[in-house]
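Nothing in this text is a laboratory measurement; each read-out follows from the coordinates by a stated rule. From a predicted model like this one, the values you see are computed outputs, not experimental measurements. All Cβ positions, glycine included, derive from the backbone under ideal geometry; neighbour counts span all protein chains shown.
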Amino acid sequence: MAQSNLVRIALLVLVSMSSASAWAQAAPAATASASAPPASPAHFELADVHSSPFANQPNTDVEYLGSGRFLARQATMADLVAFAWKVDNNQVLQGPSWLDFDRFDLNARAPRGTSEDSFRMMLRALLADRFALKVHPDSKVMPAFVLTEAKGGLRMKPAKAEDGDSAENHGCKSPPQPEGQPNQPTIRYNVLSCHGIPISELGDDLRNWAGSYITSPVVNQTDLKGSYDFEIKWTGRGQLARAGADGISIFDAVEKQLGLKLEPRPAPLPVVFVDSVNEKPTPNAAGVDKTLTPPPAEFEVAILRPSAPDTPKGIQGEINGSQVNLRGATVQWFLTWAWDISDDMIADAPKWLNQDRWDLVAKLAHDPASADAKGNPQLTQDGLQAMIKKLVAERFGLKAHLEDRPAEAYTLVATNPHLKKADPDNRTGCHEGPGPDGKDPRVSNPIVNRLLTCQNMTMAQFGDILRVQVNGYVHSPVLDQTGLPGAYDFTVSFSGIGQLQNNPAPKEGDNSGSAADPNGAVSFFEAIQKQMGVKLIKQKRPVQMLVIDAVNQTPTDN
């Protein structure tokens with residue numbers, strides 16, 4: 001997936017406060033062979049490797065910039081191995097229990113113009129040098145999505161090169177969709193009009209477009225060759241239940257509109273077994289952190305204007321090249337996004353902080369050292385967060401500090417535990433999608449649109465990952481007081497926070513679990529109590545909060 005798309009997806013996921021799987025949960029999807037590196041791989045010219053600073057809701061960002069720079073932020077070792085061997089995160093097997101928990105920042109430099117394949121070899125060499133990583137590639141039958149021709153026949157047209165057509169015109173564009181009328185909202189579809197898409201790339205493209213549906217690699221078992229033109233329209237997984245008869249899943253869209261069949265079933269996939277790896281990297285060369293400066297964390301131009309009164313509720317945003325556009329943002333939203341916190345983790349905030357809304361149009365500062373091969377500015381998510389922090393400080397006079405204060409936070413306790421002891425050979429971690437049995441209750445019951453599969457997890461580790469995996473339900477660290485020893489394998493089927501009509505959180509002192517939702521949605525709280533026999537209860541304890549010392553309601557002039 002292109003770097004600009006990664007940042008756009010990260011921004012739009014946070015703009016919509018979506019609880020679907022995001023880039024924070026997985027390394028880039030790919031189905032290429034996990035081949036062994038050559039005998040003498042090239043190395044980065046310079047590399048800065050260190051443990052990531054604490055983040056309340058860490059968002060993994062791993063990318064290779066066309067300028068020869070490699071940046072990783074809040075990346076686990078599993079993320080890095082998956083990226084280096086061009087496989088899915090779940091295709092990294094075995095390894096120590098910290099593989100999905102310890103996080104690292106990497107900043108490395110290669111010669112400008114280095115190919116992506118050469119870069120991956122350099123990353124493999126870096127992991128071997130700095131972490132003593134030893135792996136062996138193999139193949140294993142695993143959950144996958146298999147792409148075949150449908151019985152009704154192909155409905156895509158072979159691509160025809162048009163006069164003056166260039167490679168830049170190949171790909172997909174999203175045509176504008178009609179706006180809903182008052183009290184008659186139009187069902188919003190994901191629509192892509194595609195030209196010249198190679199059939200060999202279609203599987204990975206489908207996963208990039210509809211990752212909440214397609215949670216495992218796509219294996220192409222068609223006999224088709226060449227490239228195709230088509231349009232495809234589907235309903236996002238989170239909106240499918242609400243759309244009712246007007247909705248269409250990505251699976252039905254692929255069959256009815258493309259003439260292909262995409263179905264979940266086991267298939268042989270390339271895998272990478274982690275034989276051994278050190279938890280701490282070797283020290284950096286002296287002064288390397290000053291030599292490898294990160295991309296600029298400031299806007300060249302930033303224009304703030306009050307949002308129009310008829311601006312739709314919710315935050316809308318996009319990144320086009322070097323320009324950032326946000327509409328309907330409050331200062332409180334800027335703070336929650338930039339600091340990776342929830343609304344209830346901001347203290348001493350004035351009432352207007354979450355009422356006054358602003359539109360932001362900003363242009364990135366140009367930095368040749370971090371530009372891509374065409375000279376376009378490159379933007380990372382942590383870079384954008386730093387820019388937003390600086391913008392709010394300069395324009396709204398924000399002064400704030402982090403401080404532990406008593407607040408309501410969740411504690412995990414046992415009620416009637418019925419958990420399966422873990423297979424110790426499984427890699428420790430959780431992912432979105434079905435387990436080895438391939439069973440996926442989301443297919444028959446769209447309102448229950450989340451499926452979390454965990455392997456070899458202690459309850460303390462489970463509590464630790466909830467801030468990331470069930471964003472919207474849990475905002476702060478979870479304390480484990482289950483008393484359950486050892487590690488377990490389990491799945492949890494529940495509804496994303498946006499599907500519920502009731503407040504999903506149990507009331508203080510309520511030990512009966514959250515009430516059933518009128519539309520059939522199942523909250524995460526209800527799911528773990530019924531499916532695992534454990535419960536989240538609220539308790540007051542010190543939680544790190546962003547304390548507002550001073551902030552101006554009116555920003556300085558543009």
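I'd like the distance between the alpha-carbon centres of the stretch 458-473 and the stretch 406-451, rounded to an integer number of Å.
Each part reduced to its Cα centre gives a spacing of 10 Å.
Distance from a point 7 Å along Cα→Cβ of Asn278 to each backbone N in the stretch 114-145: keep the residues under 18 Å and list them by number.
123-135
Ala285 versus Asp229, label points 7 Å from Cα toward the beta carbon: distance in nm?
About 5.2 nm separates the two model spin labels.
Points 7 angstrom from Cα along the Cβ direction at Lys151 and Phe54: gap in nanometres?
It is 5.8 nm.
Fewest Cβ neighbours within 10 Å first, please rank Thr282, Thr411, Thr60 accordingly.
Final ranking by Cβ density, sparse to dense: Thr282, Thr411, Thr60.
Quick one: what are the phi-derived ³J(HN,Hα) couplings along the stretch 212-221, Karplus 6.51/-1.76/1.60 with θ = phi - 60°, whole Hz, x for glycine and proline?
Computed from phi, the couplings for the stretch 212-221 are 6, 8, 9, 9, 10, x, 9, 10, 7, 10 Hz.
With r defined as the distance between the Cβ atoms of Thr411 and Asp437 and R0 fixed at 25 Å, what FRET efficiency is calculated, to the nearest 0.05?
0.20
Per residue and in cubic angstrom, what volume does the convex hull of the Cα atoms of the stretch 198-250 have?
Value for the stretch 198-250: 88 Å³ per residue.
Along the Cα→Cβ direction, 7 angstrom out, place labels at Trp98 and Lys421. What is the inter-label distance in nm?
Computed distance between label sites Trp98 and Lys421 equals 2.7 nm.
Residues of the stretch 378-415 with backbone nitrogen within less than 15 Å of a virtual label 7 Å along the Cα-to-Cβ line of Gln539, please, listed as ranges.
406-415
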